[in-house]
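Take a look at the structure below.
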Amino acid sequence: MKKIHALKAHFAEQVYPDQLGNYSRRKLAELALQHGTPTVVIDQDIISAQYLQLTAALPGVNMRYAIKALPQPEVIEHLNSLGCGFDLATSGEIRLLQQLGISAQDAIHTHPIKKDQEIKEAIAFGCRFFVIDNSHELDKFLPYKDQVSLLIRVNFRNQDAVVDLSRKFGCELTKVPALVEQALHSGIEIAGLSFHVGSQVPSPYAHVNAIEQCLDVFKTMPYVNWQILDIGGGFPIEYLGPCPSIQDFCAPINDALQSVDTHIQILAEPGRYIAGPSAIQLLSVVGKAQRGARTWYYLDDGVYGALSGQLFDHARYPITTLREHDLTQGLKPSVLAGPTCDSIDVIDEDIVLPELEIGDLLVASQVGAYTLASATEFNLYDKPKVLWLSGEKQLHSDKPAS
Ligand SMILES: *Cc1c(COP(=O)(O)O)cnc(C)c1O
């Protein structure tokens, strides 16, 4: 065993807390009995708490929830009821807002690369603010110049981010003046600058640096009617390792934002921070086999399902068993695998576990962001059922989303 991490740490140190998220173990067992597994439980109260904590940590910043993190209708509706706006990127995300009767007033279209048809649909929806990062994209707005106002997305590379988004989008800071010139020349309004320093960043200094550099741009081009500074997402949550509190993380960002002119609106586009902690997943052991030195446990969901973030988002989720085990003895080298017939569908190897039995329940936490959103139906396994709860009170349950 090269590395004994995750489960070992989880089992050996903070084992078997009475509560998982907002739930008692008894309640989770009840839910599993009632709804079967795999089931993802999303908690409205945690969505509220995360939104309110982030809002409190960034006073004066208006939130635009990045829909792609967890596009569950209940999450969107609830955030709307709390006064949160939306960061949308596709026509599908627009249709979701439309179906929920949510207007474009507090929505911003943030995809730097779009088809003309998508621009048309966004404008028809009522979107005014769009993001560009190059001159070809700017040209696409010529036919709509009276209806739109653009943000230029600037690229600040961040090797420290778990997901570096600046490789794919954003222009160099030095390209901003030429884009502004081109826009002004074409009669297209430039409203501000945006950036995304990467997702799940370990420290706030990438944000701070990006804010300072954007403010420099504002200063060197005072003839532009700068109205918006959009500081993107990236706010980290705790998976297996520790992570700073949101107050500590945001403190230096707040300091940097003190220099922003009061007439400039500051936006943030949190996805992970709001959605991540809101969901846990209930899984069952479906099969077990001894293969070489290890016991393989086959679960009823895996990396093709709601743990897809393990592949796409490079996340590792805390996993524990619902049943309490004696952890002082009998820990064995084990593997947790998903159900599909593909060998990549392994959740964790090189771990030690107590002896599990077929039918045992496991709970994965922090699975709200970039998980269900990218789950597939590979092998024609249904996606997990989704429950929408407020604490222990059930508000709604879904058929597996398709
Ligand atoms: C995905 C995305 C976000 C959300 O990022 P998080 O790190 O999840 O907060 C925000 N803005 C844009 C443009 C994105 O693509």
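The values are calculated or read from the model by the stated rules, or taken from the named source; none is laboratory data. Every value quoted in this text rests on a predicted model; they were computed, and no experiment measured them. Note that each Cβ is placed from the backbone with ideal geometry, even for glycine, and that neighbours are counted across all protein chains shown.
Between residues in segment 131-145 that are over 23 Å from I231 (Cβ atoms) and residues that are acidic (D, E) and not in a strand (DSSP E or B), which pairs lie under 8 Å by C-beta distance while being six or more apart or on different chains?
The qualifying pairs are K140/D116.
Would you say V260 is farther than 27 Å from I76 by Cα, assigned by TED's automatic domain parsing to the domain that holds T174 and modelled with pLDDT of 95 or more?
Criteria met by V260.
Search segment 284-333 for residues being of a type in the set (S, T, N, Q) and free of Cβ contacts under 8 Å to residues at least 24 places away in the same chain, and hand back the single one that is nearest to G21 (Cα to Cα).
Filtering first and then ranking leaves T328.
Hey, can you tell me all the residues within segment 98-118 that are within 16 Å of the ligand (Cβ to nearest atom) and not basic (K, R)?
Correct list: D106, A107, I108, H109, T110, H111, P112, I113, E118.
Assess whether S186 counts as being within 16 Å of the ligand (Cβ to nearest atom), hydroxyl-bearing (S, T, Y) and assigned by TED's automatic domain parsing to the domain that holds F141.
Judged against the criteria, S186 is not a match.
Sort through G302, G276 and tell me the only one that's under 28 Å from A337 (Cβ atoms), more than 16 Å from the ligand (Cβ to nearest atom) and modelled with pLDDT of 95 or more.
Going through G302, G276 in turn, the sole match is G302.
From (1) surrounded by fewer than 18 Cβ atoms within 10 Å (Cβ to Cβ); (2) in a helix (DSSP H, G or I), pick out the condition that doesn't hold for A373.
Condition (1) is where A373 drops out.
Grab the strands (runs of 3 or more DSSP E) fully contained in segment 121-201, keeping just those with 2 or more residues being out of contact with any Gly (no Cβ under 9 Å at 6 or more places or on another chain) and crowded, with 19+ Cβ neighbours inside 10 Å.
Filter on segment 121-201 gives 129-132, 189-195.
Every residue in segment 97-109 that is in a loop (DSSP other than H, G, I, E, B) and in contact with a Phe, Trp or Tyr (Cβ under 8 Å, 6 or more places away or on another chain), please.
I102, A104, D106
Using beta carbons and a limit of 7 Å, which pairs, at least six apart or on different chains, have the first residue in segment 25-36 and more than 16 Å from S397 (Cα to Cα) and the second one not hydroxyl-bearing (S, T, Y)?
Pairs found: R25/D18; R25/L322; A29/L322; A29/L361.
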